[in-house]
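Novice: Structure provided below as structure tokens; questions to follow.
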Amino acid sequence: MTDDATPLGRLALARTAQSRVEELATGAQALALLAMVHERGWTSFLAEPRGLDQLAAFSRLPAGRVANLVGALEAVGVVEQHDGQVRLSPAYAELAADDAMIDLGTVLDRAELMIRLVRAAAEDAGELRLGGADALVIAKAVGGRPTPVTEAVFQHLYAEVPEYAEAVRDGRLLDVGCGVAGAMLTSASMFPNMRAVAIELVPAVAAEAESRAKRLGVTDRVEVRCMDARDFDERDAFDACFWAQPFFPESSRDATLRMIRGALKPGALLMIQEMESEPEDEAQRLPFALRRLVYEGQGVPFAPTAEQLVAEAEAVGLVPHRMVPTNFGRIVLMRRPADD
């Protein structure tokens, strides 16, 4: 055993820290490499098997450099090599696919943004504020895109909460904090008789949601309103509501829930999702801690439990319907009292 107070003991401790820093640096370097090759079109080009000579011609890089880049990308699981051919690994091929629920570019944009936000949280004691472009990055990364893959995900989710699916199938949905409206627009595609109002505070994000609704041809049934949810004043009008609670700061949550209660018809459903829970896997503790730093730096409660979400909704007069464990986290279903 080496005494930590001796020079050799101190050196051993320093080397432990140095190794950890080098591990973190390796991850950052790999992320930078992936971002660059994606920007240069490699991830599209490698959707099909390519020889190293083809990749060198495509990238206009020396053959030796290309071989080293491919080796690094293979080491982190981005590409595979078989019989002299290089292509994206199956996992990255799915992430880069045109119909991916959340695409690789969006994932990389969010990773870059989170690096900046973590640094900002350590630099300034003030509240972290996202500009419109940054908020749009987060909204795209969380909300996804309405694609056949996304629809399959929602079919699975709605099988877990059939009463909610029945409420929106031929009814009116209120989506509070819709982001880029991935969930709402997917539901509108699945349920041709569904009508919806989506509320989004950030103009750039609301504009993207509106643009997506136009591309899907559902603007006759889906309305996007750019406004503070607390100011929405339609009452007793909706058969169901989804509240994107992770993006609402502490200061607005009670008033938003009171608005939702009034907007729902008596007996109608509110769905809330528990987005995060304390990780049991040691490998997830660092990313969880970093996300907490950023979210709470924005004044947003981080990772409230399903039980806490129930209590929050009960405080404004909503009543529990049921709590559903799913692959997407626990889902809380609340109701406006039928005799309200």
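Novice: What are the pairs with Cβ atoms under 6 angstrom where one residue, in region 276-296, is part of a helix (DSSP H, G or I) and the other, located anywhere, is among the aromatic types (F, W, Y)? Sequence gap at least six, or different chains.
Specialist: What qualifies is R292/F302; Y295/F302; E296/F302.
Novice: So, A57, is that one out of contact with any Lys or Arg (no Cβ under 9 Å at 6 or more places or on another chain) and surrounded by 10 or more Cβ atoms within 10 Å (Cβ to Cβ) or not?
Specialist: yes
Novice: I'm checking my understanding of the structure. Among residues of region 30-46 that are small (G, A, S) and surrounded by 15 or more Cβ atoms within 10 Å (Cβ to Cβ), which one is nearest to the chain's Cα centre (by Cα)?
Specialist: A35
Novice: When you check F191 against the structure, is it within 23 Å of A268 (Cβ to Cβ) and open to solvent by 20 Å² or more (accessible area, probe 1.4 Å), yes or no?
Specialist: On the way: within 23 Å of A268 (Cβ to Cβ): yes; open to solvent by 20 Å² or more (accessible area, probe 1.4 Å): no.
No, not satisfied.
Novice: Quick test for you: out of A122, A93, A152, pick the one residue that is part of a helix (DSSP H, G or I), open to solvent by 60 Å² or more (accessible area, probe 1.4 Å) and farther than 23 Å from A207 by Cβ.
Specialist: A122
Novice: Tally time: how many residues in region 229-262 are in a loop (DSSP other than H, G, I, E, B) and either open to solvent by less than 10 Å² (accessible area, probe 1.4 Å) or closer than 21 Å to P304 by Cα (or both)?
Specialist: Of the residues in region 229-262, 4 are in a loop (DSSP other than H, G, I, E, B) and either open to solvent by less than 10 Å² (accessible area, probe 1.4 Å) or closer than 21 Å to P304 by Cα (or both).
Novice: Kindly evaluate V86 against the criterion of being open to solvent by less than 60 Å² (accessible area, probe 1.4 Å), at pLDDT 95 or above and out of contact with any Pro (no Cβ under 6 Å at 6 or more places or on another chain).
Specialist: When the stated conditions are applied, V86 passes them.
Novice: Restricting attention to region 155-170, which residues are surrounded by fewer than 22 Cβ atoms within 10 Å (Cβ to Cβ) and in contact (Cβ under 8 Å) with a residue 60 or more places away in the chain?
Specialist: H156, L157, E160, V161, E163
Novice: Could you tell me whether region 171-180 includes any residue that is more than 16 Å from F242 (Cβ to Cβ) and open to solvent by 40 Å² or more (accessible area, probe 1.4 Å)? Walk me through it before giving the result.
Specialist: Of region 171-180, the ones more than 16 Å from F242 (Cβ to Cβ) are none.
Within region 171-180, not a single residue is more than 16 Å from F242 (Cβ to Cβ) and open to solvent by 40 Å² or more (accessible area, probe 1.4 Å).
Novice: Same structure again: I need the full set of residues from region 125-144 which are part of a loop (DSSP other than H, G, I, E, B) and touching a residue at least 60 places away in the same chain (Cβ under 8 Å), in order please.
Specialist: Once the filter is applied, which keeps residues that are part of a loop (DSSP other than H, G, I, E, B) and touching a residue at least 60 places away in the same chain (Cβ under 8 Å), region 125-144 yields E127, L128, R129, L130.
Novice: I need a count of the residues in region 321-338 that are part of a strand (DSSP E or B) and surrounded by fewer than 14 Cβ atoms within 10 Å (Cβ to Cβ).
Specialist: Count: 3.
Novice: Condition (residue is more than 29 Å from V324 (Cα to Cα) and either assigned to a helix (DSSP H, G or I) or touching a residue at least 40 places away in the same chain (Cβ under 8 Å) (or both)) applied to region 190-200: is it met by at least one residue?
Specialist: No, there is no match, as no residue in region 190-200 is more than 29 Å from V324 (Cα to Cα) and either assigned to a helix (DSSP H, G or I) or touching a residue at least 40 places away in the same chain (Cβ under 8 Å) (or both).
So that you can scan it fast, the table gives a plain yes or no per residue for (1) more than 14 Å from W243 (Cα to Cα); (2) of a type outside the set (S, T, N, Q):
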| site | (1), (2) |
| --- | --- |
| R261 | no, yes |
| M275 | no, yes |
| Q284 | yes, no |
| F288 | yes, yes |
| L293 | yes, yes |
| P301 | yes, yes |
| T305 | yes, no |
| L318 | no, yes |
| M323 | yes, yes |
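Novice: Starting from residues that are part of a loop (DSSP other than H, G, I, E, B) and surrounded by 10 or more Cβ atoms within 10 Å (Cβ to Cβ), keep the ones in region 4-29 and report whichever is modelled with the lowest pLDDT.
Specialist: The qualifying residue modelled with the lowest pLDDT is D4.
The values are calculated or read from the model by the stated rules, or taken from the named source; none is laboratory data. All figures in this text were calculated on a predicted structure; none of them were measured in a lab. Here Cβ is always computed from backbone atoms with ideal geometry, including for glycine, and neighbour counts include all displayed protein chains. When the accessible area is computed, the model is the full protein with side chains, heavy atoms only, and any ligands, DNA or RNA have been set aside. Shrake-Rupley method; radii C 1.70, N 1.55, O 1.52, S 1.80 Å.
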